[in-house]
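Working notes for the structure below.
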Amino acid sequence: MSENDAPQDGSAAEQKMRFLFALRSRGVTDSRVLSAMEAVDRGLFVRGLFAERAYEDMPLPIPCGQTISQPSVVGIMTQALNVQPRDTVLEVGTGSGYQAAILAHLARRVYTVDRHRRLVREAQELFRELGLVNIVAMSADGSFGLPETAPFDRIIVTAAAEDPPGPLLAQLKLGGIMVVPVGQSDTVQHLIKVTRLATGYDYEELRPVRFVPLLEGISSE
Ligand code: SAH
């Protein structure tokens, strides 16, 4: 079913309005980000038991013991990334594919990697169904980035690292931006915005967050 065929009865339209209102009230104000988030139906990325809660501003479980992030956090991260239409973006942590689908509306090309093959496979199916042909999804340990496609204009990490991974810093273009949650898992994590300058890296702390940890290696699942 395409966006245009979607039922536009009172409840669906109202749900969407409430969703966008919640995003705005939590600081997502960039109109391009809001339009991209309006265009991507989160309900398609949350399957099973929790699907009916897809439009609430909360993280929800997805297969492989992972989570789809809270929409307002997705919005804040996407906004901080300041994606431009000609950008090539790397996402580490495909998960459900929701964040990648939003990025696909804003960037020229999106590479997204996850250590769980199953998540990559399911996200690929969704991207195909949605006609998001500018996303390349693959299973890989994203801590090492994608040396063969680097450098990137933007990098977004959606799992918490103890420090911004060195290979990712190295794969950022000059003037490029990386957004990454940093901190020990289950304790305090902060969203960090890293900008690569001619003279080095600039680090800006945005806000406290809570993400699943960035783990080593590819999972067997
Ligand atoms: N962005 C996702 C949510 C990601 S949850 C969404 O929109 O739904 C974090 C994801 O990071 C998990 O799927 C987990 O498998 C993945 N991950 C953790 N460590 C990783 C690593 N080293 N390389 C690639 N993916 C990793």
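The values are calculated or read from the model by the stated rules, or taken from the named source; none is laboratory data. None of these values were measured; they are calculated from a predicted model. Cβ placement follows ideal geometry from the backbone for every residue including glycine, while neighbour counts extend to all protein chains displayed.
List of remarks:
- Residue match in region 150-171 (condition: within 12 Å of the ligand (Cβ to nearest atom), at positive phi and of a type outside the set (D, E, K, R)): no
- Among the residues making up region 174-221, a single one is aromatic (F, W, Y) and within 12 Å of the ligand (Cβ to nearest atom): F211.
Matching residues to (1) over 22 Å from T195 (Cβ atoms); (2) surrounded by 20 or more Cβ atoms within 10 Å (Cβ to Cβ); (3) not small (G, A, S):
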| site | (1), (2), (3) |
| --- | --- |
| V89 | no, yes, yes |
| T94 | yes, yes, yes |
| G97 | yes, yes, no |
| T112 | no, yes, yes |
| R118 | yes, no, yes |
| Q124 | yes, no, yes |
| R128 | yes, no, yes |
| V157 | no, yes, yes |
| Q171 | no, yes, yes |
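- Q189 vs. criteria touching a strand residue (DSSP E or B) at 6+ places or on another chain (Cβ under 6 Å), farther than 21 Å from A104 by Cα, without any contact (Cβ under 8 Å) to a residue 40 or more places away in the chain and among the polar types (S, T, N, Q): yes
- Residue within region 58-71 that is under 18 Å from R18 (Cβ atoms) and in a helix (DSSP H, G or I) present: yes
- Close pairs (6 angstrom Cβ cut-off, 6 or more residues apart or separate chains): farther than 17 Å from Q79 by Cα and part of a strand (DSSP E or B) in region 194-214, among the β-branched types (V, I, T) and away from the ligand (no atom under 16 Å from the Cβ) anywhere: Y201/V194; D202/T195
- Residue-level analysis places S143 among those that are surrounded by fewer than 24 Cβ atoms within 10 Å (Cβ to Cβ), in contact (Cβ under 8 Å) with a residue 40 or more places away in the chain and polar (S, T, N, Q).
- Screening region 19-56 for residues that are in a loop (DSSP other than H, G, I, E, B), at pLDDT 95 or above and more than 21 Å from A104 (Cα to Cα) and picking the one that is nearest to the ligand (Cβ to nearest atom) gives R26.
- Between G217, G166, the distinction of being touching a residue at least 40 places away in the same chain (Cβ under 8 Å), loosely packed, with under 13 Cβ neighbours inside 10 Å and over 18 Å from the mean Cα position of the chain (by Cα) belongs to G217 only.
- Long-range neighbours under 7 Å by Cβ, at least six apart or interchain, first residue touching a residue at least 60 places away in the same chain (Cβ under 8 Å) within region 86-101, second hydrophobic (A, V, I, L, M, F, W, C) and within 6 Å of the ligand (Cβ to nearest atom): V92/V113; V92/A159; G93/A159; G95/I68; G95/L119
- Qualifying residue in region 163-171 (condition: more than 20 Å from A80 (Cα to Cα), of a type in the set (D, E) and not in a strand (DSSP E or B)): no
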